[in-house]
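Asks: Just dropping this structure here.
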Amino acid sequence: FRLEGLSLYADFVLLGLFSGSHFPWLLFSLILLVFVISIASNTTMILLIRADPRLHTPMYFLLSQLSLMDILYISTIVPKMLLDQATSQRAISFAGCTAQHFLYLTLAGAEFFLLGLMSYDRYVAICHPLRYPVLMSRKVCLLIVVAAWLGGSADGFLLTPVTMQFPFCASRAINHFFCEVPALLKLSCRDTSAYETAMYVCCILMLLIPFSVISASYTRILIAVYRMSEAEGRRKAVATCSSHMVVVSLFYGAAMYTYVLPHSYHTPEQDKAVSAFYTILTPMLNPLIYSLRNKDVTGALQRALGKCLASRKVTAF
């Protein structure tokens, strides 16, 4: 993959996730299945929240936005990866790599901020239930969503131009399955240490700000739950928050490993495995975690399936 005399804007080559696998087509089938389940489950979540009046609450509105982000997030990476494996064409243009890089950073950043702000919703619901309709009005919900998207977009607009302006004058082979920042910077023939330090600080802030909101919210929630006299109230509060905490732990944990842990502590193979976890598996797990642990969502799904079966019976007769 050492290519001489390349233009600054020549195509890259994605080595992919399957290169080191002994069973590439089995892995291909599994990832295709995960992709289909992710798209189907997140789409179902959005449609259920939109169709069922009982789910027209701030929490489910924010969940529908999370599902939308997950659909776009996984669609930015997985279709290209599967197409490369199916056609054995691993090239990606400079413009395509730039677009993928920007969309990935924007959507990942937006999800970071949204997950952080969703903890505020849980804090208000448990600690200030009587003021919940006021503190989580439609206007506040829209502001939360806009803030999440703007925060993610700022990340994409700031980091993408700087990353892609480095000269990639040696190998164009990216040892990854998509155009992720650390893998791209390894191809640069210029010293990137200053930029990597700045990016490290930026990532710390992007993780620290939402994580601070989450920590503050859940500290207050735990105090409120501890003071509850009714066991049923405690159980409901814990059940309401546990799904969100599981999703936060999965997403933030993988991101901290990739962007906060020093590079000397992980290998390219480990990087690809962790990236696969939070770009492929997490978008599938999010709706499953929220639906399986949520009676409102399962109830809405049962009602929707009941209506479909009833309409089919009427049509049959």
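Asks: For the stretch 105-137, what are the residues that are modelled with pLDDT of 90 or more and among the polar types (S, T, N, Q)?
Replies: 106, 137
Asks: Does residue 265 count as within 25 Å of residue 154 (Cβ to Cβ) and either open to solvent by less than 30 Å² (accessible area, probe 1.4 Å) or not hydrophobic (A, V, I, L, M, F, W, C) (or both)?
Replies: No, not satisfied.
Asks: Okay, moving on. With respect to the numbered conditions (1) under 19 Å from residue 259 (Cα atoms); (2) part of a helix (DSSP H, G or I); (3) in contact (Cβ under 8 Å) with a residue 40 or more places away in the chain, which one is the sole condition not fulfilled by residue 214?
Replies: In the conditions (1) under 19 Å from residue 259 (Cα atoms); (2) part of a helix (DSSP H, G or I); (3) in contact (Cβ under 8 Å) with a residue 40 or more places away in the chain, residue 214 misses (1) alone.
Asks: Sticking with this one: On the given criteria, is residue 248 buried (at least 19 other Cβ atoms within 10 Å of the Cβ), among the aliphatic types (A, V, I, L, M) and closer than 27 Å to residue 41 by Cα?
Replies: Against the criterion (buried (at least 19 other Cβ atoms within 10 Å of the Cβ), among the aliphatic types (A, V, I, L, M) and closer than 27 Å to residue 41 by Cα), residue 248 qualifies.
Asks: State all residues of the stretch 53-69 that are more than 30 Å from residue 180 (Cβ to Cβ) and open to solvent by less than 20 Å² (accessible area, probe 1.4 Å); if no residue qualifies, say none.
Replies: Result: 55, 60.
Asks: Residue by residue through the stretch 277-308, note down the ones that are small (Gly, Ala, Ser) and surrounded by 21 or more Cβ atoms within 10 Å (Cβ to Cβ).
Replies: The answer is 300, and nothing else.
Asks: What are the residues in the stretch 211-236 that are open to solvent by less than 70 Å² (accessible area, probe 1.4 Å) and closer than 25 Å to residue 296 by Cβ, if any?
Replies: 213, 214, 217, 218, 221, 224, 225, 228, 233
Asks: Just checking, does the stretch 113-133 include any residue being of a type in the set (D, E, K, R), under 22 Å from the mean Cα position of the chain (by Cα) and either part of a helix (DSSP H, G or I) or under 30 Å from residue 195 (Cα atoms) (or both)?
Replies: Yes, some residue in the stretch 113-133 is of a type in the set (D, E, K, R), under 22 Å from the mean Cα position of the chain (by Cα) and either part of a helix (DSSP H, G or I) or under 30 Å from residue 195 (Cα atoms) (or both).
Asks: From the list 72, 103, which one is under 30 Å from residue 169 (Cβ atoms), open to solvent by 20 Å² or more (accessible area, probe 1.4 Å) and not charged (D, E, K, R)?
Replies: That would be 103, the only listed residue that is under 30 Å from residue 169 (Cβ atoms), open to solvent by 20 Å² or more (accessible area, probe 1.4 Å) and not charged (D, E, K, R).
Asks: Out of the stretch 29-38, which residues are surrounded by fewer than 18 Cβ atoms within 10 Å (Cβ to Cβ) and either among the hydrophobic types (A, V, I, L, M, F, W, C) or within 19 Å of the chain's Cα centre (by Cα) (or both)?
Replies: Result: 30, 32, 33, 36, 37.
Asks: Let me ask something else about it. Could you list, ordered by first residue, the pairs with Cβ atoms under 9 Å in which the first is in the stretch 239-261 and closer than 11 Å to residue 286 by Cα and the second is not in a helix (DSSP H, G or I), at least 6 apart or interchain?
Replies: Partner pairs satisfying both residue conditions: 243/293; 243/294; 246/293.
The values are calculated or read from the model by the stated rules, or taken from the named source; none is laboratory data. Keep in mind that this is a model prediction, so the values were computed, not measured. Cβ: placed from backbone, ideal geometry, glycine included. Neighbour counts: every protein chain shown. All accessible areas refer to the heavy atoms of the entire protein, side chains included, with ligands and DNA or RNA removed. Shrake-Rupley method; radii C 1.70, N 1.55, O 1.52, S 1.80 Å.
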